[in-house]
Structure formats: structure tokens, C-alpha cells
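The structure under discussion appears below in the form of C-alpha cells.
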Ligand SMILES: [Fe+2]
């Protein structure tokens, strides 16, 4: 079983974003499990695609919250989302579904999530607090 799981410290205090982040973490854990258990390549590829498409959705969701709130660092934040999506797609391609490369990709995703959430998403939550978005 993957040791990647949702932790209380990831909470930023915005219900909708926290909810979506839990699914994000859950999908990373699912990929981790599939790689560790040696599930077939097709399934691993499907899960990677599920997370990639979910990330697209989740980033748009956050960007719309920022847009509605008139968040001042919208452009920089969106740029970080776009960079992650580009890196993620690139790394999926480069991995050729080899186990050690997938393990590195999982660590990359998890580290990115933790650092982005605690450093950047937290600022959205603080900014929109009380704005009802
Ligand atoms: Fe974000």
C-alpha cells in the first residue's frame, strides 16, 4: 500500500479546494499502488491519464476561484499550473512506463503538490477568505 495519503497539514481552509486536493492526492496514491503492485501497463497508463485530466480540471477550478476574487497573482499562479501540466505530460512520455521512472514521477508529483499547496494555494485561501468565492 502506498504511504501517500491526505494529511491534515495539507488543508488550506478553502472547502472546495481542499476537497479537490484530496482527490488529487488519492489519485497519486492509486498510481503509486499500481506501480508497486506491478499492475499492467495499460492500467497504469489509464491512471496517469486520469490524474492528468483531473489536474486540468482542478487547475481551471482554482483559476476560476482566483478570477472571481480578483486575485492579484493570478497570472503567476496560472503559469505554475501550466508548467506542471507540461512537465507532467513530458515525464509521462519519457517514462515509457518503466518502473523506476514512474517512481521518480510519483515523487515529483507528490513533492510538487505539497510545496505548491502549502506555498501558493494557501495564499488564495487567505485572499478569498470572507469573499464568498
Ligand atoms: Fe494552485
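None of the figures in this text is laboratory data; all of them are computed from the coordinates on show. None of the values given here were measured: they were computed from a predicted structure. Here Cβ is always computed from backbone atoms with ideal geometry, including for glycine, and neighbour counts include all displayed protein chains.
Assess whether residue 12 counts as being in contact (Cβ under 8 Å) with a residue 60 or more places away in the chain, within 12 Å of the ligand (Cβ to nearest atom) and in a helix (DSSP H, G or I).
On the way: in contact (Cβ under 8 Å) with a residue 60 or more places away in the chain: yes; within 12 Å of the ligand (Cβ to nearest atom): yes; in a helix (DSSP H, G or I): no.
For residue 12, the condition - in contact (Cβ under 8 Å) with a residue 60 or more places away in the chain, within 12 Å of the ligand (Cβ to nearest atom) and in a helix (DSSP H, G or I) - is not met.
Would it be correct to say that residue 103 is away from the ligand (no atom under 14 Å from the Cβ), in contact (Cβ under 8 Å) with a residue 60 or more places away in the chain and assigned to a helix (DSSP H, G or I)?
Values: away from the ligand (no atom under 14 Å from the Cβ): yes; in contact (Cβ under 8 Å) with a residue 60 or more places away in the chain: yes; assigned to a helix (DSSP H, G or I): yes.
Answer is yes for this residue.
How many residues are away from the ligand (no atom under 13 Å from the Cβ) and surrounded by fewer than 16 Cβ atoms within 10 Å (Cβ to Cβ) if we restrict to region 76-88?
Start the filter on region 76-88 by keeping residues that are away from the ligand (no atom under 13 Å from the Cβ), which leaves 86-88.
From the residues that got through so far, the ones that are surrounded by fewer than 16 Cβ atoms within 10 Å (Cβ to Cβ) too are 86-87.
Qualifying residue count for the region: 2.
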Scan region 89-119 residue by residue and report those that are on the phi > 0 side of the Ramachandran plot and surrounded by 14 or more Cβ atoms within 10 Å (Cβ to Cβ). 97
